[in-house]
C-alpha cells in the first residue's frame, strides 16, 4: 500500500476525472448509497475543471483577438 501512496500520479486531468466518475458510478450502483457523497463530489470537481478550462480558453481567445487588433 505504501508504494501506491508514493507514486507520482501527475496532474488531475479531465480524462482521469471522467474515468473516476464512471468507476464510482459503478460502485454506487453495486454497493448502494454509501459512496454517493464521494461520487457527487467527484462529479462536481469534474464540472469545476470543465468550467475552469472553458474560462481559460475564453480568456486566451480574447487575448489573441486583442493582439491581432493591435497589430
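The values are calculated or read from the model by the stated rules, or taken from the named source; none is laboratory data. The structure displayed is predicted, hence computed values, not measured ones. Cβ sites come from the backbone with ideal geometry, for glycine too, and all protein chains shown count toward neighbours.
Is it the case, given these coordinates, that residue 71 is at pLDDT 85 or above and exposed (fewer than 12 other Cβ atoms within 10 Å of the Cβ)? Spell out how you get there, then give the answer.
Working: at pLDDT 85 or above: no; exposed (fewer than 12 other Cβ atoms within 10 Å of the Cβ): yes.
Spelling it out, it is not the case that residue 71 is at pLDDT 85 or above and exposed (fewer than 12 other Cβ atoms within 10 Å of the Cβ).
If you check every pair at least six apart or on different chains, which have Cβ atoms under 7 Å apart with a residue in segment 48-62 that is at positive phi and surrounded by 10 or more Cβ atoms within 10 Å (Cβ to Cβ) first and a residue that is modelled with pLDDT under 90 and part of a helix (DSSP H, G or I) second?
So the pair list comes out empty.
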